[in-house]
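The values are calculated or read from the model by the stated rules, or taken from the named source; none is laboratory data. Since we're looking at a predicted model, the values are computed, not measured. No Cβ is skipped: glycine too gets one built from the backbone with ideal geometry, and neighbour counts run over all protein chains shown. Heavy atoms of the whole protein, side chains included, go into the accessibility calculation; ligands, DNA and RNA do not. Shrake-Rupley method; radii C 1.70, N 1.55, O 1.52, S 1.80 Å.
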Amino acid sequence: MKKSAFLGALAATTVIAGAAMAGTLDDVKARGELICGSNTGLTGFGTPDANGNWTGFDVDLCRALAAAIFGDPTKVKFIPTTGETRFTALQSGEVDVLIRNSTWTFSRDTELALDFVAVNYYDGQGFMVKKDLGVSSAKELDGATVCIQTGTTTELNLADFFKQNNISYQPVTVADDSEAQRQFLAGACDAYTTDASGLAASRATMPDGDQYIILPEIISKEPLGPVVRHGDNNWGDVVRWTFNALLIAEEKGVTKANVAEVAASSQDEEVKRLLGVSGDMGAKIGLPNEAFKNAIAAVGNYGEVFASNIGEGTAINLARGLNALWTQGGLQYAAPFR
Amino acid sequence: MALASDVPKDSFRLSMLIYDTRYRSITIQVFVLLLVGLFLAWLLQNTAANLAARGKEFNFGFLWQRAGYDIGQQLIPYTNDSTHFRALLVGLLNTLAVAVLGCILATVLGVLVGVLRLSNNWLVSRLMTIYVEALRNVPLLLWILLTYVILSEATPQPRDFRITDEMAAAGEAPAASMILFDTVAVTNRGTNVPAPMFTRGLGMLDLGPLSINLTTLAFLIVLGGSIWAYRSLKASADATQEESGVRPTTWWQSLLIMVLPVSLLSAALGLHWEIPELKGFNFAGGILVAHSFTALLVALALYTSAFIAEIVRAGIQAISRGQSEAAFALGLRPGRTMNLVILPQALRVIIPPLISQYLNLTKNTSLGIAVSYLDLRGTLGGITLNQTGRELECMLLMMAIYLTISLIISAVMNFYNASVQLKAR
Ligand SMILES: N[C@@H](CCC(=O)N[C@@H](CS)C(=O)NCC(=O)O)C(=O)O
């Protein structure tokens, strides 16, 4: 994994300009497989199970994309990336799309020449500590040793937070979540900080998860979403509208189970366009007309994806919160399918 | 009789470039040079075109922007408000610290082991064989990880040092305690050692991006002066010995020269030691030597020492037995024979391969990434590269820096090598 940052950096500058820039959709179709940049392993978001099958909230969006393009959610290959290697992997063309808890920021959008085409999880950075440390607020962490993943926004937020509160800390820089967990569980750091969703996911896999608490402070905005290379707008549209389709499906009550039946019977014009019954929305962006129907049939609507991977009742047990639909007081709001 | 020089000179024809052996090799070299040049030009052009296509320009300006991240181990002052360049310097110094200390440790250990391996004592020589073979036949990365895991798993957490009120009342001792007269604390995070403090320190000299700690500078100057004085004392003792055959007693003078000036300076600047103390989550005060540093240093030194031991052994064995027999016949003791006769000659054989061991060790410091040691690779080639997205610039800069360090080491060692060569008298 470390090496791929180097190779990727070289590759990023030596591949022929045209190949990686335009026509990602054509490349994917020609290859017969989507390549999706994923986590190295974050339970609930993207992780391979014992049989090597990838599952998770982010993984399901990759599957939805594969279903939209090929009508088959299994035609996708997952490439694990760390916080450090992920953007290089995307820029060099090693992956077609990166769906891996990545925060949309100004510099990534501009300087790194990437495009964040949607926000599939509104998050913020939090801290996790051992219960018996006796800390109830992040502001009490003066002098603490903090585990932090390198190459992330959280690394910079952490520095800002401690500076603004005039307290000090000792950073322990780690490459990925599993190393952070190892150090944290061994007591090599007092606190572990990353996206709150990541903390919850991490805690769910710890042997004695109830020994740890997530502190109340959320110190940043972390809008996480799928990322594509800047400059291939059509491919960006494909990813954005596949995600939007899952949102609208939830809004309209279209589910994995009833999608075929709704397609046959619905009188709602937007639903008919969404499922390819009327209009040619899919064809307009180079997909089959029933692309979004296939995506919904493969993974379910946004609410189902959320509930089955990270929602209440799962090991991760996250509330919808900001990620509820706009009609239910959340921020998830898709542009109309028209 | 026709002499060779009488052969009539042919006038030059183009076909001779290929068929005449005098010209052919030049033709081939020019051709290959052209190809290499073309290849480089293609690479450059391709890089430029691709950068342009991504809307990225090649620019080192980012080095002067705010870095925004924190670094655990810093040998020069650094905060997250410092520039990326400053972060680069912090990383570079961390690299150099491990490299320099590692080379010294590896040399000392390596020479010792190499000499002992030739010992006539069966047990000692076998033990040294095991040392060498075990260390050099396991990948370095594993040694680094092993050392790190041992250091961080076998040591207590900082809070094990705490004495609560109830414990004090019950007369219980904490689970862990400090060592060396309560001055050093080894936790699972690092080793906290006392820090030298100066009541009358000399402050900092600010030179733009560089600032120099004047107190450190003063110590370096005084130490340099002491060493110089010590060497001239030794030289004059040598001269007296050459003349009269009697070596004057100099040990107390040398001791005075080495110890007195530094002590005086320390006293003048008000040196005192800050002892680490458990405060809150961690030990505060003193200096924290993180386990990532210790593990990297120890593993690098041990691993490289095994190779150096072999080099030293080969060097010693390259000196003919006659040399030591002659030295014994003159009545030199084995220790002196080694120091005065064998080692000086063996050095000629030892130094060239030793240079490449030093180079290896220096480059191997970049394996520190395995234990999250923030060296040059970790700062410039890691966090800076990632946060700015300047892959090409960072990689090229990093390669240039490693190359420069290596060339400097080679140059210095070659210079030293030249000075120990046999001189024709
Ligand atoms: N959202 C932040 C942090 C992303 C991040 O690294 N998240 C962690 C934990 S939420 C992660 O995905 N770790 C899993 C892994 O290392 O594979 C960013 O984009 O910089």
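Below is a table of values for the structure above.
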read-out	value
Residue match in the range A:33-47 (condition: within 23 Å of A:Asp237 (Cβ to Cβ), assigned by TED's automatic domain parsing to the domain that holds A:Ala298, out of contact with any Leu (no Cβ under 6 Å at 6 or more places or on another chain) and among the aromatic types (Phe, Trp, Tyr))	no
Test: residue in the range A:206-223 that is in contact with a helix residue (DSSP H, G or I) (Cβ under 8 Å, 6 or more places away or on another chain) and under 30 Å from A:Leu25 (Cα atoms)	yes
Every residue from the range A:113-125 that is within 14 Å of another protein chain (Cβ to nearest Cβ) and open to solvent by 10 Å² or more (accessible area, probe 1.4 Å)	A:Ala113, A:Asp115
Single condition B:Phe283 does not satisfy, out of (1) in a strand (DSSP E or B); (2) at positive phi	(2)
Residues of the range A:70-84 satisfying the condition of being more than 15 Å from the ligand (Cβ to nearest atom) and out of contact with any Leu (no Cβ under 6 Å at 6 or more places or on another chain)	A:Phe70, A:Gly71, A:Asp72, A:Pro73, A:Thr74, A:Lys75, A:Lys77
Residues being more than 10 Å from chain A (Cβ to nearest Cβ), small (Gly, Ala, Ser) and crowded, with 24+ Cβ neighbours inside 10 Å - total across the range B:367-420	1
Among the candidates B:Ala267, B:Ala346, B:Ala327, residue that is part of a helix (DSSP H, G or I) and over 30 Å from B:Val132 (Cβ atoms)	B:Ala267
Selected residue [assigned to a strand (DSSP E or B), open to solvent by 20 Å² or more (accessible area, probe 1.4 Å), away from the ligand (no atom under 12 Å from the Cβ) and more than 14 Å from chain B (Cβ to nearest Cβ)] from A:Ile218, A:Ile213	A:Ile213
Residues (of a type in the set (A, V, I, L, M, F, W, C), touching a residue at least 40 places away in the same chain (Cβ under 8 Å) and open to solvent by 20 Å² or more (accessible area, probe 1.4 Å)) located in the range A:81-112	A:Trp104
Odd one out for B:Phe62, checked against (1) open to solvent by less than 30 Å² (accessible area, probe 1.4 Å); (2) under 30 Å from A:Leu158 (Cβ atoms); (3) touching a Leu at 6+ places or on another chain (Cβ under 9 Å)	(3)
Qualifying residue in the range A:190-208 (condition: within 23 Å of B:Leu288 (Cα to Cα), away from chain B (no Cβ under 11 Å), buried (at least 19 other Cβ atoms within 10 Å of the Cβ) and within 12 Å of the ligand (Cβ to nearest atom))	yes
Residue tally, condition within 14 Å of another protein chain (Cβ to nearest Cβ), more than 21 Å from A:Gly44 (Cβ to Cβ) and outside any loop (DSSP other than H, G, I, E, B), over the range A:61-98	5
Given (1) out of contact with any Asp or Glu (no Cβ under 9 Å at 6 or more places or on another chain); (2) more than 10 Å from the ligand (Cβ to nearest atom); (3) modelled with pLDDT under 95; (4) not hydrophobic (A, V, I, L, M, F, W, C), index of the condition A:Gly93 fails	(1)
Residue match in the range A:161-173 (condition: closer than 18 Å to A:Ala196 by Cβ and surrounded by 23 or more Cβ atoms within 10 Å (Cβ to Cβ))	no
Extreme residue, farthest from A:Asp132 (Cα to Cα), among residues of the range B:148-170 that are in contact with a strand residue (DSSP E or B) (Cβ under 7 Å, 6 or more places away or on another chain) and more than 9 Å from chain A (Cβ to nearest Cβ)	B:Thr155
Test: residue in the range B:249-261 that is farther than 30 Å from B:Ile350 by Cβ, in contact (Cβ under 8 Å) with a residue 60 or more places away in the chain and open to solvent by 30 Å² or more (accessible area, probe 1.4 Å)	no
Cross-chain or 6+ apart pairs with Cβ under 7 Å, the range A:160-187 first and farther than 22 Å from A:Lys131 by Cα and more than 8 Å from chain B (Cβ to nearest Cβ), then assigned to a loop (DSSP other than H, G, I, E, B) and among the hydroxyl-bearing types (Ser, Thr, Tyr)	A:Asp176/A:Thr40; A:Asp176/A:Thr82
Residue within the range A:127-134 that is open to solvent by 20 Å² or more (accessible area, probe 1.4 Å), modelled with pLDDT of 90 or more and either under 20 Å from B:Asn386 (Cβ atoms) or away from chain B (no Cβ under 14 Å) (or both) present	no
Odd one out for B:Leu105, checked against (1) at pLDDT below 95; (2) assigned to a helix (DSSP H, G or I)	(1)
Counted residues, the range A:121-137 - those being away from the ligand (no atom under 12 Å from the Cβ), assigned to a loop (DSSP other than H, G, I, E, B) and touching a residue at least 24 places away in the same chain (Cβ under 8 Å)	3
Test result for B:Tyr402, within 18 Å of the chain's Cα centre (by Cα), of a type outside the set (Asp, Glu), assigned to a helix (DSSP H, G or I) and on the phi < 0 side of the Ramachandran plot	yes
Pair list, Cβ < 6 Å and 6+ apart or interchain, from the range B:105-130 residues that are in the same structural domain as B:Ala346 (by TED's automatic domain parsing) to residues that are acidic (Asp, Glu) and at pLDDT below 95	none
Residue under evaluation A:Trp104, criteria (1) modelled with pLDDT of 95 or more; (2) hydrophobic (A, V, I, L, M, F, W, C); (3) away from the ligand (no atom under 12 Å from the Cβ); (4) touching a strand residue (DSSP E or B) at 6+ places or on another chain (Cβ under 7 Å), criterion not met	(3)
Some residue of the range B:230-244 being outside any helix (DSSP H, G or I) and more than 30 Å from B:Thr191 (Cβ to Cβ)	no
Extreme residue, surrounded by the fewest Cβ atoms within 10 Å (Cβ to Cβ), among residues of the range B:262-292 that are in contact with a helix residue (DSSP H, G or I) (Cβ under 7 Å, 6 or more places away or on another chain) and farther than 20 Å from B:Val222 by Cβ	B:Leu278
Search result, residues across the range B:68-91 that are under 15 Å from B:Ser372 (Cα atoms) and either open to solvent by 30 Å² or more (accessible area, probe 1.4 Å) or within 12 Å of chain A (Cβ to nearest Cβ) (or both)	B:Tyr69, B:Asp70, B:Ile71, B:Gly72, B:Gln73, B:Gln74, B:Gly91
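This table checks each residue for (1) within 14 Å of the ligand (Cβ to nearest atom); (2) among the hydrophobic types (A, V, I, L, M, F, W, C); (3) crowded, with 22+ Cβ neighbours inside 10 Å.
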| position | (1), (2), (3) |
| --- | --- |
| A:Ala186 | no, yes, no |
| A:Arg229 | no, no, yes |
| A:Asp237 | no, no, no |
| A:Val259 | no, yes, yes |
| A:Gly276 | no, no, no |
